[in-house]
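Some notes on the structure that comes next.
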Amino acid sequence: MTLITSLGDHGIFWLLLAAVLFAVPRTRLMGACMLVSIGIGFLLGNVALKNLIARDRPCWLDPTVQLLVQVPRDYSFPSGHTLVSFEGGVTIFMFNRKWGIPALMLAVLIAFSRMYLFVHFPTDVLAGMALGIIIAWSVARTAKRMSTAKDISTAKDISTSKGMGTASGMGTAKGSEENQRQDDERLTE
């Protein structure tokens with residue numbers, strides 16, 4: 001369990017994965033979404049909520065328990081390991097279900113490890129899950145919509161420039177109306 005929980009330490013595993021995804025042109029949007037999600041989650045979860053709620057960890061309440069990991073120094077609610085893991089897993093799932101399922105399974109294992117190792121209460125983990133899911137889903141959905149809108153806008157610019165002669169009344173190319181209709185159909189699919 002210590003190896004599994006260490007994958008969530010400081011979000012390094014998920015940040016490195018996001019950087020690799022961002023570096024590959026085909027997965028750049030996925031990587032960007034993961035980086036943005038992790039940034040939002042860090043600010044909201046680790047900086048704001050942990051300090052605002054200031055909930056003690058279970059291991060602080062019973063110091064007689066011998067931990068298998070170092071005693072964390074920050075507050076408990078929400079679980080940062082769980083938050084970043086679900087941001088990563090959900091982001092991947094939103095873009096590629098085949099990769100997303102193992103990523104989400106890893107996120108669940110990391111979340112469970114936090115309770116098993118006695119450094120989080122179940123509610124800390126549930127809050128981290130919920131926050132991670134909401135943030136990652138919102139960021140990915142927004143990015144996909146913006147990306148689609150940009151693609152549609154670019155395609156419309158291209159299709160209107162093809163029919164420029166017709167639109168400006170400077171002549172008609174054979175089949176240009178048919179080309180315009182086909183372009184419009186592709187945009188609405």
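The values are calculated or read from the model by the stated rules, or taken from the named source; none is laboratory data. Since we're looking at a predicted model, the values are computed, not measured. Heads up, the Cβs are rebuilt from the backbone with ideal geometry, glycines too, and the neighbour counts pull from every protein chain shown.
General observations
- Test: residue in the stretch 86-97 that is farther than 30 Å from R28 by Cβ and surrounded by 15 or more Cβ atoms within 10 Å (Cβ to Cβ): no
- Residues located in the stretch 118-142, provided they are of a type in the set (F, W, Y) and more than 20 Å from A103 (Cα to Cα): F118, F121
- Residue within the stretch 74-84 that is under 25 Å from Y116 (Cα atoms) and surrounded by fewer than 19 Cβ atoms within 10 Å (Cβ to Cβ) present: yes
- The stretch 89-134, subset β-branched (V, I, T) and touching a Lys or Arg at 6+ places or on another chain (Cβ under 7 Å), residue modelled with the lowest pLDDT: V119
- Criterion applied to L35, L16, L43, L49 was being crowded, with 18+ Cβ neighbours inside 10 Å, free of Cβ contacts under 8 Å to residues at least 24 places away in the same chain and either among the polar types (S, T, N, Q) or outside any loop (DSSP other than H, G, I, E, B) (or both), and the one residue passing it is L35.
- All positions within the stretch 54-100 that are part of a helix (DSSP H, G or I), of a type in the set (A, V, I, L, M) and farther than 20 Å from M1 by Cα: L61, V90, I92, M94
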